[in-house]
Amino acid sequence: MTNKYILVTGGTGYIGSHTVLEIVKSNFEVIVIDDLSNSSEGNLKSIEKLTKKNIKFYKFSLLEKDKIVRIFKNYQIESVIHFAGFKSVPESIKNPLSYYKNNITGTLNLIEAMNSFNCNKIIFSSSASVYSETNKPPYKEVDSLDYKNPYSHSKLIIEKMLQSLSTYNKSWNILILRYFNPAGSDESGLLGDESINPTNLFPAIANSILGINSKLTVFGNDYETIDGSAVRDYIHVTDLAKGHLKAVENIDKFNYEVFNFGSGKGFTVLQVINEFQKITSKKIKVDIVERREGDQAISYADIEKARKVFNWKNNKNLGDMCKDTMNWYQKLL
Ligand code: UD1
């Protein structure tokens, strides 16, 4: 038990796998837990190929607490990056209890196991969807919070639980990372989003360019934005993964702290479609329909805190996100 490990829950998923790649590249030792409910081992195989290192992987759900405990018994875990969780908004509306059980109970099992083994450093994947729509963008970490659906509610409950834990037990080091809209893939094209039926904008555009869907549906063109379509803050998943590396390196300095991760810039849906058309030289057939229920008009981040405190910045732009998305989805064909 000489090596010290970073435990990554949900490490085969979209953001998790890109983060595992960056932390393995930086010579940290990693253990991945994932139940493969919305991913496969493919991304880990790609990371092994890219880094020429073996990754310790355990397939189970965080609802299986005895298995979490076994990991802590067998390895000296220095810190935990906790991605594992259900993430589909429509699914969470259909089946709220499964979201509370999987996301909240799973997290509780994890932090109880950590507590028993005196491991008290955790980085938690939260979401921009915890910001209340009453705030004026760009959203700052101190802005007011609210939930819109059981998915974002589960994230908010976990944030609050961790915040409370940090208040009453100062030995914890807890970082909450609020992601805006991650997009793109590792530049190798070897790892990416394997989610079943992704409903996000980037996969939808890629699938329409590749002919998997005949048309792209645009939800709403009557928002108060420059072209009427909704504005989001897209961040390249590799930039986001590198943000996690900064968080791991700096976690000792904090008891509880929240950081936004976005690009700090907003793009409309139609601007993103145009960028894809430019990159691929293909025309995308667009079908404009009603606004999607629960969608916000404008969301983008204030990223000054992560910039200053972590000395972190985005290295990739919207064009890179479009190009790398195509690269990944082309390989899946
Ligand atoms: C969604 C989730 C959010 C989650 C985030 C990151 C919802 C309501 N919100 O955010 O909780 O944290 O993903 O994974 O699902 N769009 C189209 N056509 C499409 C797909 C999307 O026009 O086929 C539009 C949407 O209306 C939206 C924008 O593109 O304006 C971005 O959509 P999406 O990628 O689904 O992300 P969010 O809805 O911002």
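The values are calculated or read from the model by the stated rules, or taken from the named source; none is laboratory data. Bear in mind that the values here come from a model prediction, so they are computed numbers and not experimental data. Please note: Cβ atoms are built from the backbone with ideal geometry, for glycine as well, and neighbour counts cover all protein chains shown.
Counting only residues that are among the small types (Gly, Ala, Ser) and more than 14 Å from the ligand (Cβ to nearest atom), which one in the stretch 82-131 is nearest to LYS148 (Cα to Cα)?
Residue satisfying both the conditions and the ranking: SER98.
With the condition kept exactly as written, say whether any residue in the stretch 289-312 is within 16 Å of the ligand (Cβ to nearest atom), crowded, with 22+ Cβ neighbours inside 10 Å and of a type in the set (S, T, N, Q). Yes, the conditions are met somewhere in the stretch 289-312.
Scanning the stretch 1-36 for residues that are at pLDDT below 95 and within 18 Å of PRO182 (Cα to Cα) yields no hits at all.
Using the structure shown, decide if LEU240 is crowded, with 20+ Cβ neighbours inside 10 Å and within 16 Å of TYR300 (Cβ to Cβ). Answer is yes for this residue. Return the only residue of LEU156, LEU177 being part of a helix (DSSP H, G or I), over 26 Å from ARG70 (Cα atoms), among the aliphatic types (A, V, I, L, M) and in contact with a Phe, Trp or Tyr (Cβ under 8 Å, 6 or more places away or on another chain). Within the list LEU156, LEU177, the selection yields LEU156. Taking residues in the stretch 229-240 that are at negative phi, and partners anywhere that are among the small types (Gly, Ala, Ser) and crowded, with 23+ Cβ neighbours inside 10 Å, the pairs with Cβ atoms closer than 6 Å and at least 6 places apart or on different chains are ASP233/GLY262; ASP233/SER263; ASP233/ALA301; TYR234/ALA183; ILE235/GLY262; ILE235/SER263; HIS236/GLY184; VAL237/GLY184.
Which residues, counting only those in the stretch 103-119, are crowded, with 21+ Cβ neighbours inside 10 Å, of a type outside the set (Gly, Ala, Ser) and closer than 30 Å to LEU201 by Cβ? Across the stretch 103-119, the qualifying residues are ASN103, THR107. The set of residues from the stretch 159-174 being more than 16 Å from the ligand (Cβ to nearest atom) and part of a helix (DSSP H, G or I) comprises LYS160, MET161, LEU162, GLN163, SER164, LEU165, SER166, THR167, TYR168. Return a yes/no flag: does the stretch 215-224 have any residue that is near the ligand (Cβ under 8 Å from one of its atoms) and either among the basic types (Lys, Arg) or under 21 Å from GLN330 (Cβ atoms) (or both). Scanning the stretch 215-224 turns up at least one residue that is near the ligand (Cβ under 8 Å from one of its atoms) and either among the basic types (Lys, Arg) or under 21 Å from GLN330 (Cβ atoms) (or both).
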